[in-house]
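Beneath this line is the structure, given in structure tokens, with notes to follow.
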Amino acid sequence: MGSDTLIIVPTYNERENLPELTRRVLEQPGGAEILVVDDNSPDGTGALADELARANPRLHVLHRTSKDGLGRAYLAGFAWGLERGYEYLLEMDADFSHNPADVPRLVDRARSTGADLVLGSRYKDGIRVINWPLDRLLLSLFAARYVQAITGMPVSDPTGGFKCFHRRALLAIDLGTVRSNGYSFQIELTHRIWRRGMRIEEVPIIFTDRFQGISKMSGDIVKEACWRVWTLWLEHGLRRHPLPAPAKV
Ligand SMILES: Nc1nc2c(ncn2[C@@H]2O[C@H](COP(=O)(O)OP(=O)(O)OP(=O)(O)O)[C@@H](O)[C@H]2O)c(=O)[nH]1
Ligand SMILES: [Mg+2]
């Protein structure tokens, strides 16, 4: 294995975005590797990813048989990366909503602070979202307030999907029992880490709406997030603060 850093990129019909995205991620300093997790995209993203991987040993592909949601794709990607010993595992979308140039900022913050999780945040110290319709921005801002009001978790952007986990955080949270899939997947993972008293850092990022490809956003994803937040609070014994931090090993 060449690098200690793996960027996991789930894809479903991202043919237009993938070649340029992987090129731009791979040219960043730090030498991180990429794992594309494709759910048998009908547009042939999986075969295209294989072709790109043949040309670059830092690019890997995991194929799954059918569309099974973002959360499942990430869980498969985490298992792949943990098995192979990567120390930093990132989540990143394929549609350029997340800027490849921000990857080193997230990883550097994790390295320099020893944080268990670094979140790319659209809402820390301002609002940095480009080209989103107002209703979508309001929904996302409301979600952040909603999560904090119910769970007490003080992160500014809990539904964001650009984040860097240290492997110890993923190993600590029992990924086998994670059931949520849409936005609540992001909230659940962060809450599981926070409630154990693990260390979370936030790095401001600029988020840009996708300009190519098709959105997979749906009302079901929003509904799932609404009720899941209550179950996270219940699971944590109705507490609104983390447990004492685990002893450092
Ligand atoms: N493997 C896999 N990837 C998915 C699935 N659903 C979404 N993705 C990918 O996950 C990332 C985020 O999904 P998006 O569709 O961009 O979701 P979003 O950012 O909330 O919404 P839009 O940008 O409006 O489409 C993209 O890279 C998608 O291709 C899925 O079921 N399986
Ligand atoms: Mg997107």
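Simple rule: put +1 on each Lys or Arg Cβ and -1 on each Asp or Glu Cβ in the chain, find the dipole, and look at Pro19, Ile127, His236; the Cα lying farthest toward the positive end is His236.
Scanning residues 5 or more positions from Leu35 or on other chains, those with amide H under 5 Å from its amide H are Ile7, Ile8, Val9, His60, with H placed 1.01 Å from N in the peptide plane. Oblate is the label for segment 156-227, because a/c, from the alpha-carbon gyration tensor with a ≥ b ≥ c as root eigenvalues, is 1.5 or above and a/b does not exceed b/c. For the peptides 202-212, 182-192, the ranking by mean Cβ contacts within 10 Å, running from highest to lowest, is 182-192, 202-212.
Since only Ser140, Gly71, Met153 are under comparison, the one whose Cα sits farthest along the positive direction of the charge dipole of the chain, derived from C-beta charges on Lys, Arg, Asp and Glu, is Met153.
Here the calculated FRET efficiency for Ser112 and Ala245, from their Cβ-Cβ distance with R0 = 22 Å, stands at 0.75, rounded to the nearest 0.05.
Lysine pairs in the chain whose alpha-carbon atoms fall under 29 angstrom of each other, counting only those eight or more residues apart or on distinct chains, come to 10. Modelled spin labels at Ile206 and Gln148, positioned 7 Å past Cα toward Cβ, are 2.4 nm from each other. Our helix-only sum for the chain, with -39,500 (n - 2.57) per DSSP H run of n ≥ 4 divided by its residues, gives a mean residue ellipticity at 222 nm of -12500 deg cm²/dmol. How high is the relative contact order of the chain, in percent, with contacts defined as C-alpha pairs under 8 Å that are six or more residues apart? Here the relative contact order equals 22 percent.
For segment 5-235, the antiparallel share of DSSP beta bridges with both residues in that region comes to about 25%. For segment 5-235, the Cβ-based charge dipole about the Cα centre amounts to some 540 debye (Lys, Arg positive; Asp, Glu negative; other atoms uncharged).
Note on segment 5-235: Cα Rg divided by 2.2 N^0.38 Å, N the number of residues, gives 0.94. Taking each residue as 0.36 nm, the span from Leu138 to Glu16 lengthens on full extension beyond its C-alpha to C-alpha distance by 41.1 nm. Each of Ile7, Ile127, Ile193 has some number of other Cβ atoms within 10 Å of its Cβ, and from fewest to most they run Ile127, Ile193, Ile7. Compared with the alpha-carbon gap, the fully stretched path from Ser218 to Arg58 is longer by 54.3 nm at 0.36 nm per residue.
Taking all Cα-Cα distances within segment 119-174, those exceeding 14 Å account for 61%.
Every number here is computed from the coordinates shown, using simple stated rules; none is lab data. Owing to the predicted nature of the structure, the values given are computational and were not obtained by experimental measurement. Cβ sites come from the backbone with ideal geometry, for glycine too, and all protein chains shown count toward neighbours.
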